[in-house]
1. Based on what the data block shows, is Pro74 within 16 Å of the chain's Cα centre (by Cα), farther than 21 Å from Arg35 by Cβ and at pLDDT 75 or above?
2. For residues in the stretch 98-131 being out of contact with any strand residue (DSSP E or B) (no Cβ under 7 Å at 6 or more places or on another chain) and in contact (Cβ under 8 Å) with a residue 24 or more places away in the chain, which is least open to solvent (accessible area, probe 1.4 Å)?
3. Criterion first (touching a Gly at 6+ places or on another chain (Cβ under 8 Å) and hydrophobic (A, V, I, L, M, F, W, C)) does Phe94 satisfy it?
4. Restricting attention to the stretch 60-81, does a residue exist that is surrounded by 14 or more Cβ atoms within 10 Å (Cβ to Cβ) and closer than 18 Å to Ser119 by Cβ?
5. In the stretch 4-35, what residues are open to solvent by less than 80 Å² (accessible area, probe 1.4 Å), modelled with pLDDT under 70 and over 14 Å from the mean Cα position of the chain (by Cα)?
Amino acid sequence: MKWLITSLVVAVIGVFAWVMLQDMRELDPRAEVTRAGVVAYGHVVFSPRPHIVIDEIWKRSDPSESVAIGAAIPLPVADSSFDRALICFTPRIFSRRLSPSAVFAVRDAGVGLPPVPLSDLKALCTATPQT
């Protein structure tokens, strides 16, 4: 019985540590864009609640998805240091519905540190095989 409880505790701690490491990892814009089913570009609106309005869709793996131009996506952090964003959408776990998996602030026509030019990311969207 002690072995079973110890094993369960170790498994829970292991899963928790793995999830925390995944959340804390440095997001690579190139990898996220390649992995995403939908990649959108939009502008930030801060009033009444911060959100991103999608202006362009750069990559779409399934044309029937609900991500559309003009859609409003809640902005998790109200950071007024940028007014444009790149949003990557991937399917939720245990579901085919898409949800934002990464939101990148666009500053000086680049994303991330060191900055990856938007033109490179847009080219990746067109080069990635559409499924």
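1. Working: within 16 Å of the chain's Cα centre (by Cα): yes; farther than 21 Å from Arg35 by Cβ: yes; at pLDDT 75 or above: yes.
So Pro74 passes the test.
2. Checked the stretch 98-131; the qualifying residue least open to solvent (accessible area, probe 1.4 Å) is Leu124.
3. On the way: touching a Gly at 6+ places or on another chain (Cβ under 8 Å): no; hydrophobic (A, V, I, L, M, F, W, C): yes.
The answer is no for Phe94.
4. For the stretch 60-81, residues surrounded by 14 or more Cβ atoms within 10 Å (Cβ to Cβ) and closer than 18 Å to Ser119 by Cβ: absent.
5. Once the filter is applied, which keeps residues that are open to solvent by less than 80 Å² (accessible area, probe 1.4 Å), modelled with pLDDT under 70 and over 14 Å from the mean Cα position of the chain (by Cα), the stretch 4-35 yields Gly14, Ala17, Val19, Met20.
The values are calculated or read from the model by the stated rules, or taken from the named source; none is laboratory data. This one's a predicted model, so the numbers in the text were calculated from it and none came from an experiment. Note: ideal-geometry Cβ built from the backbone for every residue, glycine included; neighbour counts use all protein chains shown. The accessibility values were calculated without ligands, DNA or RNA, using every heavy atom of the protein model including side chains. Shrake-Rupley method; radii C 1.70, N 1.55, O 1.52, S 1.80 Å.
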